[in-house]
Amino acid sequence: MISENSKRQYGDELPIAAFATTPGNSALTLIRCSGKESIKLLSMIFSADLKNAQGNSIIHGWILNKENGEEEKIDEVLVSVFRVPKSFTGEDGVDICCHGGSSAGIAVMKVLKSAGFYEALPGEFTFRAFMNGKLDLTKSESVMELVSAKTETGRRRAVLRLSGSLQNEINEIKNLLVQVLAGAEIYLDYSEDEVSIEEGDETAGRLTNKNFAVEALERLNKLSASWQIERIYQEGITIVIAGRPNAGKSSLFNALLKEDRSIVTEIPGTTRDWIEAWVSFEGIPVRLIDTAGLRDSGDSIEKIGIERSLKLLDEADLVLYLLDGGLEEITNEDKEFIIKYSADKKYIFVWNKADRCQQPLNNAKGNPEISLICISAMTGKGITELYSLIASVISRQISLQTGESCIAAIGTERQKNLVDVACRSLEEALALAEREEPLDLIVPLFRDAVNLLGEITGEVSTADILEEMFSKFCVGK
């Protein structure tokens, strides 16, 4: 039997195995194995010759259970063989392609453990790839970004980082700072008598290549700003559909999702609690929420749902407030709501049931500056226009937050924090240089900035930081 994972730590070279796909109703299940002796261990429970298999080859055979002196066939599989250094982890490894379903993969995994494989820790395959120089930390983190991408746009942006866009940008910025340090440290490492300084050289003892430092700071500030849009593409935004009971909120929710998720009836108050689903608006993941109708209610259960709806309005990035176009006159509660929130840019006021009333009632505009978009959630009229309006509002919010975009962008909060600290070090260093302060006060700040950039790519790292980061990955990556 093998030791339990609680006794293991990142950084050993033990043979490990984990599901790379979730066992279930599928055609195939993939199990990934890596580490020293992994090919040798698997060959002991495999019907075909693996010891002499070439790297990047696929071998057909059976996984065998050889306990109790017998050979029980467990599953017919294909084994992809990888040898150092041409593998994802930089170690010898195999990918076992089993039959789908729950039983086959679980049975194979049980035999692997009996043969001496350990269960992989979360993110351990990617950790080993990093430690063996196959990936830097920015590429390692982009692996999980790619796995968790909610939209096609999110996938493309993660692939850019996996391809090295952020790593290259960080290295270029770091090279600028190294050039600044190279000139300054000469005057710190040697006395003036040992350095040949031409008479009248006013730059002696001062910060040279200052323009490189200024450029580095500008590029780092752009990277810092890029986190806002990357966070939106990764985590998405929240859009809440609100309004009085029977205004058509659930019908609009279903129309935007293009599926029947919320129950729709003519009975006011059908939705007692909020319902959510994910949808993509122009490549941006959106958490769309259908809420309980806003009204005074004596029903204790409905009242709880209304209180939750009001809380969601405060947390939302965008609110679609529906007005019931089927009424002869707009309610006083709707008028009060419009007056209260008409100046808030995150609210879009929607005149629903346009199939019953073609034009909004004159007194619907509790505020003359309010603009209404007319739709019919039931027939689909105006839904395309509403969709476009939502997408434009989201895009406008993103552009206001991020300003000029750049190809290289930050993908994690860890990277964002390190970039911000590096920016502060550079700002302080340049301020000291502007006042012509001594270089022995300035140079350490530049060194700090270079080390911080090294932490982003993983050139400068500690075991504790790496373990904390990779432990957040899923098992099998």
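Side notes on the structure shown:
- Residues (surrounded by fewer than 23 Cβ atoms within 10 Å (Cβ to Cβ) and either touching a Lys or Arg at 6+ places or on another chain (Cβ under 8 Å) or free of Cβ contacts under 8 Å to residues at least 40 places away in the same chain (or both)) located in the range 115-125: Tyr118, Glu119, Leu121, Pro122
- Pair list, Cβ under 7 Å, 6 or more apart: the range 330-341 residue under 11 Å from Arg244 (Cβ atoms), other residue surrounded by fewer than 13 Cβ atoms within 10 Å (Cβ to Cβ): Ile330/Asn363
- Close pairs from the range 97-111: first assigned by TED's automatic domain parsing to the domain that holds Ile45, partner aromatic (Phe, Trp, Tyr), Cβ under 8 Å, at least 6 apart: Gly105/Phe19; Met109/Phe19
- For Val147: the one exception among (1) surrounded by 23 or more Cβ atoms within 10 Å (Cβ to Cβ); (2) not assigned by TED's automatic domain parsing to the domain that holds Tyr10: (1)
- Candidates Asp49, Asp12 - the one that is surrounded by fewer than 16 Cβ atoms within 10 Å (Cβ to Cβ), in the same structural domain as Phe130 (by TED's automatic domain parsing) and under 23 Å from Asn132 (Cα atoms): Asp12
- Reported count of residues in the range 90-114, each being surrounded by 24 or more Cβ atoms within 10 Å (Cβ to Cβ) and small (Gly, Ala, Ser), is 2.
- Filtered residue count, the range 27-46, keeping only those that are touching a strand residue (DSSP E or B) at 6+ places or on another chain (Cβ under 6 Å), among the small types (Gly, Ala, Ser) and surrounded by 14 or more Cβ atoms within 10 Å (Cβ to Cβ): 3
- Of everything in the range 407-461 that is assigned to a helix (DSSP H, G or I) and of a type in the set (Ser, Thr, Tyr), the residue that is modelled with the lowest pLDDT is Thr457.
- Selected residue (only one of Gly69, Gly116, Gly100, Gly55 is in contact with a Ser or Thr (Cβ under 6 Å, 6 or more places away or on another chain) and not polar (S, T, N, Q)): Gly100
- Flag: Val79 matches the condition of being among the aliphatic types (A, V, I, L, M) and crowded, with 18+ Cβ neighbours inside 10 Å.
- Helices (runs of 4 or more DSSP H) fully within the range 110-187 counting 3 or more residues that are at pLDDT 90 or above and closer than 20 Å to Glu37 by Cα: 124-131
The values are calculated or read from the model by the stated rules, or taken from the named source; none is laboratory data. Predicted model only: the values in this text are computed from it and were never measured. Please note: Cβ atoms are built from the backbone with ideal geometry, for glycine as well, and neighbour counts cover all protein chains shown.
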